[in-house]
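Working notes for the structure below.
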Amino acid sequence: MTTTAGTLPTGFGRLWTAQTISSLGDGVSHAALPLIALTLTRDPMALAVVTAAGTLPWLLFGVLGGALVDRWDRRRTMWVADAARAVLLGIPAAAAVLDVLSIGLLAAVAFLLGLGGLFFDTAATAYLPDLLRRDPVLLERANSRLRGAQTAMSGFAGPPAGSALLALGRAVPLLADAASFLASALLVRSLPAMPRPVPEARESLLGQARAGASYVFRDRVLLGLALRPAVGNIAFLAVETVLALFAHDRLGIDTYGFGLLLTAEATGGLLGAAIASRLGRRLGTGTALTCTAAVEGLAILGLAAAPNPYAAGPALAVCGAGMGATMVLAPSLRQAIVPAHLMGRVTSTSRMLAMCAAPLGAFLGGWLATTYDVRTPLCTAAGLLLTMTAVTASMTSNRRVEAALRAATPTAGTPDHPAPNEPTQEHAPDPS
């Protein structure tokens with residue numbers, strides 16, 4: 001691995017390529033799996049089971065998975081997870097060829113794919129700061145590229161490719177996704193090895209998981225970073241649940257137009273990811289995070305008030321830009337300030353909070369639309385986002401962020417790896 005000041009190391013290019021290929025496969029399966037399920041049943045509840053199965057691993061094993069990642073070699077965890085997912089997808093592909101595919105099998109595969117994603121994503125998030133030596137500038141630049149590639153592949157290229165491949169046979173998109181995982185596994189296996197974190201005192205897996213979760217809730221900056229996606233998922237799922245109905249009933253948009261509306265959001269996401277580092281430098285990371293959260297809330301409010309598709313499209317694009325920038329700045333900051341031996345658990349705790357919040361948002365959106373009207377979930381979501389912005393603004397202020405970054409910078413005589421239950425004095429949660 002070679003690097004110079006301010007330059008991404010050569011190993012990052014392989015990680016970026018691996019995640020880009022994998023994101024393309026994710027986009028293919030994201031479009032193909034529901035369509036494959038639709039060839040087997042028209043029962044909405046059965047279709048929902050397949051969709052929900054992919055999120056269950058985060059709800060059931062999120063924090064424990066993070067504790068395991070903190071025990072294991074991160075590079076090996078990534079390539080083994082991708083190799084396992086490649087092999088796994090061969091099972092429904094074979095079942096499709098033999099015409100024995102079932103909803104139960106698809107749900108089981110979706111669950112195991114989600115479990116593999118839990119380990120891969122957590123390990124990748126923990127591996128990146130080691131690769132980039134916890135340089136905040138490099139982390140923002142790297143996450144911007146990773147986020148942009150993920151949006152482009154899974155949001156633009158993957159879904160239409162999945163639909164097109166499905167026309168060739170139900171097994172074809174599954175095999176294409178398997179090939180993407182295999183290519184990703186080979187690339188990740190060629191990445192430079194990173195030193196494993198210093199082993200902790202012998203402690204049970206459950207105790208280590210609890211220590212990681214406690215670390216998030218005791219640190220105001222990390223708690224603020226965790227609350228944003230948790231509350232954000234409640235708001236965004238409330239909107240997503242009724243968005244198609246809102247677009248049809250209030251905006252007069254047909255199926256093709258709805259696809260364009262979603263494309264506008266993805267386009268905004270690409271722009272937000274591209275300008276995130278610039279916003280962080282200009283405003284400071286804390287202020288930039290507050291501004292992007294406020295932009296998301298105001299954009300959803302604008303969408304609720306939109307009288308036609310020409311106003312709704314830009315509103316969704318602005319919301320997507322805020323989300324794209326947030327999803328670069330927040331993980332970069334977390335990766336820069338969390339000790340290496342806790343990175344897996346802190347990441348998985350934050351992700352689990354966000355995943356647990358998503359079903360609440362879907363239920364809230366459906367209930368509000370049924371009880372009141374289809375615009376009410378959008379107004380409620382905007383209120384939630386703006387309230388969350390006000391609550392977390394002081395938790396992730398520039399002053400707190402800069403203090404956390406200073407505390408995370410190694411200094412003479414400072415332990416590199418604080419105990420999980422006892423943050424070092426330099427990085428102890430601010431009592432105020």
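The values are calculated or read from the model by the stated rules, or taken from the named source; none is laboratory data. From a predicted model like this one, the values you see are computed outputs, not experimental measurements. Cβ sites come from the backbone with ideal geometry, for glycine too, and all protein chains shown count toward neighbours. Note: areas computed on protein heavy atoms with side chains; ligands, DNA, RNA excluded. Shrake-Rupley method; radii C 1.70, N 1.55, O 1.52, S 1.80 Å.
Which value in deg cm²/dmol, rounded to the nearest 500, describes the helix-derived mean residue ellipticity at 222 nm for the chain, given -39,500 (n - 2.57) per DSSP H run of n ≥ 4 and division by the residue count?
Theoretical 222 nm ellipticity from helices: -26500 deg cm²/dmol.
Over the range 63-216, average the accessible area per residue using a 1.4 Å probe and give it in Å², no decimals.
Counting only protein heavy atoms, the per-residue value for the range 63-216 is 41 Å².
Explain nothing, just the number: dipole magnitude of the chain about its Cα centre with +1 on each Lys and Arg Cβ and -1 on each Asp and Glu Cβ, in debye rounded to the nearest 20.
Dipole magnitude for the chain comes out near 800 debye.
Rg and Dmax of the range 344-400 over Cα atoms: what are they, in angstrom?
14.7, 44
Can you find, among VAL231, ALA209, GLY162, the residue sitting farthest towards the positive end of the charge dipole of the range 147-274, where Lys and Arg contribute +1 and Asp and Glu -1 at Cβ?
ALA209
For the range 314-364, with equal point scatterers placed on the C-alpha atoms only and solvent neglected, what are the log10 I(q)/I(0) values from the Debye formula at q = 0.23, 0.26, 0.30, 0.31 1/Å, to two decimals?
Scattering profile of the range 314-364, log10 relative to I(0): -0.95, -1.00, -1.04, -1.05.
Which Rg and Dmax, in Å, describe the Cα atoms of the range 57-133?
According to the Cα coordinates of the range 57-133, Rg and Dmax are 14.6, 50 Å.
Relative to 2.2 N^0.38 Å, what does the C-alpha radius of gyration of the chain come to as a ratio? Two decimals please.
0.97
At a threshold of 8 angstrom on Cα-Cα distance, excluding pairs fewer than six apart, so keeping six or more, what relative contact order does the chain reach in percent?
With pairs under 8 Å counted, the relative contact order is 25 percent.
Would you give the gap between the C-alpha center of the range 121-172 and the C-alpha center of the range 302-349, rounded to a whole Å?
15 Å
In units of 2.2 N^0.38 Å, what is the alpha-carbon radius of gyration of the range 116-266?
For the range 116-266, the normalised Cα radius of gyration comes out at 1.38.
Just to be sure I follow: if Rg is taken over the C-alpha atoms of the range 242-367 and Rh is the Kirkwood radius over the same atoms, what is Rg/Rh?
Over the Cα atoms of the range 242-367, Rg/Rh equals 1.04.
Would you mind telling me the share, in percent, of accessible area of the chain contributed by carbon and sulfur at probe 1.4 angstrom?
66 percent
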